[in-house]
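The values are calculated or read from the model by the stated rules, or taken from the named source; none is laboratory data. None of the values given here were measured: they were computed from a predicted structure. Neighbour counts run over all protein chains shown; Cβ positions are idealised from the backbone, glycine included. Heads up: the accessible areas ignore ligands, DNA and RNA and are worked out on the full protein's heavy atoms, side chains in. Shrake-Rupley method; radii C 1.70, N 1.55, O 1.52, S 1.80 Å.
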Amino acid sequence: MAERNYFSHTSPDGASFVDRARAAGYPRPGGENIAKGQRSAEQVMESWMQSSGHRANILNCRFTALGMGLDTRGWVWTQVFGR
């Protein structure tokens, strides 16, 4: 997202987080959380936990895998959850 200058669950070419995760070799993506601007892990987690959709992803016990990314050029955070 930071490299391509967008902030969305869907990339400019129309790819979803599922499409991107599968293209990266992960076969069973299940959820994605994104955030922008928070300068610490504590801040981004507080923000996600105050959002019902993001909180649901974090607390979903069906997800057994997690990938996390941070680009500090724009403070863009991504969590991808999988099964």
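Some points to look at:
- Among the residues of segment 3-43, those that are hydrophobic (A, V, I, L, M, F, W, C) and open to solvent by 80 Å² or more (accessible area, probe 1.4 Å) comprise 7, 23, 24.
- Condition met for residue 66 (within 17 Å of residue 2 (Cβ to Cβ), touching a Phe, Trp or Tyr at 6+ places or on another chain (Cβ under 9 Å), of a type outside the set (D, E, K, R) and open to solvent by 40 Å² or more (accessible area, probe 1.4 Å)): no
- Test: residue in segment 15-29 that is in a loop (DSSP other than H, G, I, E, B) and within 13 Å of the chain's Cα centre (by Cα): yes
- Residue tally, condition open to solvent by 40 Å² or more (accessible area, probe 1.4 Å) and part of a loop (DSSP other than H, G, I, E, B), over segment 44-60: 1
- A single member of 55, 28, 83 is out of contact with any helix residue (DSSP H, G or I) (no Cβ under 9 Å at 6 or more places or on another chain) and of a type outside the set (Gly, Ala, Ser), and it is 83.
- Taking the listed residues 4, 39, the one that is in a loop (DSSP other than H, G, I, E, B) and at pLDDT 95 or above is 39, with no other qualifying.
- Residues (touching a strand residue (DSSP E or B) at 6+ places or on another chain (Cβ under 6 Å) and either in a loop (DSSP other than H, G, I, E, B) or among the small types (Gly, Ala, Ser) (or both)) located in segment 61-74: 63, 65, 67, 69
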